[in-house]
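In what follows, a structure is listed as structure tokens, so that the remarks can point back to it.
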Amino acid sequence: APSDPDLVERARAAKERLGERVFVLGHHYQRDEVIQFADVTGDSFKLARDAAARPQAEFIVFCGVHFMAESADILTSGDQQVILPDLAAGCSMADMATAEQVAECWDVLTEAGAAGATVPVSYMNSSADIKAFTGAHGGTICTSSNAKRALEWAFQQGEKVLFLPDQHLGRNTAVRDMGLSLDDCVVYNPHKPGGGLTAEQLRAAKMILWRGHCSVHGRFSLDSVNDVRERIPGVNVLVHPECKHEVVSAADHVGSTEYIIKALDAAPAGSAWAIGTELNLVRRLAKAHPDKQIVFLDKTVCFCSTMNRIDLPHLVWALESLADGTVVNRIEVDKETEANAKLALERMLALP
Ligand code: 13P
Ligand code: SF4
């Protein structure tokens, strides 16, 4: 639906009143009505890198989800305030690994005699607590655009990797990019004693994958790929690495949201594409490329419900509140967590 013209005008006016005091970041999964007000758009990596690009801005309004706003707070100076227009914009995958569960997992690894050889690598889609654990245990953060380099780095530091919390990104990167086999990977289930693994399995594994996943990307199946190939002969299947291994294996191209956007920019007119990622982005791509056939990979469509929480009314409310002198929905990571989490994020930013 087109956005409410009154709200569009109010957002524009509030942003103008704030001027250089505000910097608006927007993830590619945001609604059109919101992304039009972003000063910078990007995938998780680009937004983490660019968060600190406007040191003179008092407020960073993060149109994305909670873990992204936390990371922006960690990576910017203490004077800058990060605002998440709706505090309910979380991420179900990030919620699948809590600090207590991960501490318990480390105890299990220690008891199995495997912790000494293990380097944690945590996906950006995790809480600041998990990032702090990662930094404190010599590990790094990664995103979907640098997971390969993060694993290469980690395997230079140790013999095995504990990958948190997305088992699919971990498995896909290990098998596709690192030449490991599916048998080199085990899945640690935080809801089972000992993760549901024996000490022997933990010692033998090269990749210990946390049992987490993205509910949006988890919907794509091998059937979705086979169906679309039948419906659209010659279609290019392009998916995000949060998809299951069987989906990624059957796809033609795999990459982050930024990669997906660039791949379509480079695609020839007349080509057909089935995209396995969130719907706001797929629809925007279809609109931007009328000369190409661009479809959603699955028959039933699906937004990320938490990304979608940031809508125009919430953005207007946040911008007007800031312009009127009231700081709302500030995301602030406590100092101790921040120090270790920053270590892990900076290791990521320093990856070759
Ligand atoms: P990227 O934008 O880094 O590809 O990540 C996708 C995602 O799921 C963000 O929540
Ligand atoms: Fe989390 Fe998946 Fe939504 Fe990304 S798309 S924010 S991983 S639930």
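The values are calculated or read from the model by the stated rules, or taken from the named source; none is laboratory data. This structure is a prediction, so every number in the text was calculated from the model and none was measured. Don't worry about glycine lacking a Cβ; one is built from the backbone with ideal geometry, like all the others, and counts go over all protein chains shown.
Of the residues that sit in segment 200-231 and are part of a loop (DSSP other than H, G, I, E, B) and within 16 Å of ligand 1 (Cβ to nearest atom), which one is surrounded by the fewest Cβ atoms within 10 Å (Cβ to Cβ)? Break it down into steps so the answer makes sense when it comes.
Within segment 200-231, the subset part of a loop (DSSP other than H, G, I, E, B) is 205-206, 211, 213-216, 220-221.
Keeping just the survivors that are within 16 Å of ligand 1 (Cβ to nearest atom) gives 213-216, 220.
Working: His213: 19, Cys214: 24, Ser215: 15, Val216: 24, Phe220: 28.
The extreme case among them is Ser215.
Scan the helices (runs of 4 or more DSSP H) fully inside segment 234-309 and keep the ones with 2 or more residues being surrounded by fewer than 18 Cβ atoms within 10 Å (Cβ to Cβ) and within 16 Å of ligand 1 (Cβ to nearest atom).
On the way: elements: 245-250, 257-266, 279-288.
In segment 234-309, the matching helices (runs of 4 or more DSSP H) lie at 257-266.
Condition test on Arg21, is it over 24 Å from Asn146 (Cα atoms) and within 15 Å of ligand 2 (Cβ to nearest atom)? Show your work before the answer.
On the way: over 24 Å from Asn146 (Cα atoms): yes; within 15 Å of ligand 2 (Cβ to nearest atom): no.
Spelling it out, it is not the case that Arg21 is over 24 Å from Asn146 (Cα atoms) and within 15 Å of ligand 2 (Cβ to nearest atom).
For Gly19, which of the numbered conditions (1) in contact with a Phe, Trp or Tyr (Cβ under 8 Å, 6 or more places away or on another chain); (2) small (Gly, Ala, Ser); (3) farther than 19 Å from Leu281 by Cα fails to hold?
(1)
Has segment 307-317 got at least one residue that is closer than 26 Å to His253 by Cβ and out of contact with any Lys or Arg (no Cβ under 6 Å at 6 or more places or on another chain)? Let's see the steps before the verdict.
Filtering segment 307-317 down to residues closer than 26 Å to His253 by Cβ leaves 307-308.
Next cut, out of contact with any Lys or Arg (no Cβ under 6 Å at 6 or more places or on another chain) only: 307-308.
Yes, the conditions are met somewhere in segment 307-317.
I'd like to check something: does segment 333-348 contain any residue that is within 16 Å of ligand 2 (Cβ to nearest atom), buried (at least 20 other Cβ atoms within 10 Å of the Cβ) and not basic (Lys, Arg)? Before the answer, list the steps.
Quick first cut of segment 333-348, residues within 16 Å of ligand 2 (Cβ to nearest atom) only: none.
Within segment 333-348, none of the residues are within 16 Å of ligand 2 (Cβ to nearest atom), buried (at least 20 other Cβ atoms within 10 Å of the Cβ) and not basic (Lys, Arg).
May I ask you to list pairs of residues, at least six apart or on different chains, whose Cβ atoms are under 7 Å apart, with the first in segment 61-72 being within 13 Å of Ala88 (Cβ to Cβ) and the second being among the aromatic types (Phe, Trp, Tyr) and crowded, with 24+ Cβ neighbours inside 10 Å?
Ala69/Phe62
Exactly one of (1) in the same structural domain as Phe62 (by TED's automatic domain parsing); (2) away from ligand 2 (no atom under 15 Å from the Cβ); (3) of a type in the set (Asp, Glu); (4) modelled with pLDDT of 95 or more is unmet by Asp86. Its number?
So Asp86 meets the others, but not (2).
Please verify whether Val119 is assigned to a strand (DSSP E or B), away from ligand 1 (no atom under 15 Å from the Cβ) and surrounded by fewer than 24 Cβ atoms within 10 Å (Cβ to Cβ), treating the condition exactly as stated. Full working, then the answer.
Numbers: assigned to a strand (DSSP E or B): yes; away from ligand 1 (no atom under 15 Å from the Cβ): yes; surrounded by fewer than 24 Cβ atoms within 10 Å (Cβ to Cβ): yes.
So Val119 fits the description; yes.
List the number of the failed condition for Leu209; all other conditions in (1) within 16 Å of ligand 2 (Cβ to nearest atom); (2) in contact (Cβ under 8 Å) with a residue 60 or more places away in the chain; (3) assigned by TED's automatic domain parsing to the domain that holds Pro165 hold.
With respect to (1) within 16 Å of ligand 2 (Cβ to nearest atom); (2) in contact (Cβ under 8 Å) with a residue 60 or more places away in the chain; (3) assigned by TED's automatic domain parsing to the domain that holds Pro165, Leu209 is out only on (2).
Given the options Asp73, Asp86, name the one that is in a helix (DSSP H, G or I) and buried (at least 20 other Cβ atoms within 10 Å of the Cβ).
On the way: Asp86 fails: in a helix (DSSP H, G or I).
Exactly one residue qualifies, and that residue is Asp73.
Restricting to segment 141-177, count the residues that are assigned to a strand (DSSP E or B) and within 20 Å of Cys91 (Cα to Cα).
Here is the first cut: in segment 141-177, the residues assigned to a strand (DSSP E or B) are 141-142, 160-164, 166.
Now drop any that are not within 20 Å of Cys91 (Cα to Cα), which leaves 141-142, 163-164, 166.
Summing the residues that are assigned to a strand (DSSP E or B) and within 20 Å of Cys91 (Cα to Cα) in segment 141-177 gives 5.
Only one residue in Leu345, Leu351, Leu315 is more than 16 Å from ligand 1 (Cβ to nearest atom) and either outside the structural domain of Val225 (by TED's automatic domain parsing) or of a type in the set (Ser, Thr, Tyr) (or both), so which one is that? Please lay out each step first, then the result.
Numbers: Leu345 fails: more than 16 Å from ligand 1 (Cβ to nearest atom); Leu351 fails: more than 16 Å from ligand 1 (Cβ to nearest atom).
None of the other options fit; the residue is Leu315.
Could you list, in sequence order, all residues of segment 91-102 that are surrounded by fewer than 17 Cβ atoms within 10 Å (Cβ to Cβ) and more than 14 Å from Arg211 (Cα to Cα)?
The first filter runs over segment 91-102 and keeps only residues surrounded by fewer than 17 Cβ atoms within 10 Å (Cβ to Cβ), leaving 95, 98-100.
Hits for segment 91-102 are Ala99, Glu100.
So Gln36 clears everything in (1) among the polar types (S, T, N, Q); (2) surrounded by fewer than 21 Cβ atoms within 10 Å (Cβ to Cβ); (3) within 15 Å of ligand 2 (Cβ to nearest atom) except one condition, right? Which one?
It fails just one condition, (3).
Residue-by-condition table, conditions (1) more than 16 Å from ligand 2 (Cβ to nearest atom); (2) outside the structural domain of Ala13 (by TED's automatic domain parsing); (3) under 25 Å from Phe45 (Cα atoms); (4) free of Cβ contacts under 8 Å to residues at least 40 places away in the same chain:
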residue	(1), (2), (3), (4)
His240	no, yes, yes, no
His245	yes, yes, yes, no
Asp265	yes, yes, yes, yes
Ser271	yes, yes, no, yes
Asn280	no, yes, yes, no
Glu320	yes, no, no, no
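Answer yes or no: is there a residue in segment 186-197 that is touching a strand residue (DSSP E or B) at 6+ places or on another chain (Cβ under 6 Å), within 16 Å of ligand 2 (Cβ to nearest atom) and not in a strand (DSSP E or B).
No; the residues of segment 186-197 include none that is touching a strand residue (DSSP E or B) at 6+ places or on another chain (Cβ under 6 Å), within 16 Å of ligand 2 (Cβ to nearest atom) and not in a strand (DSSP E or B).
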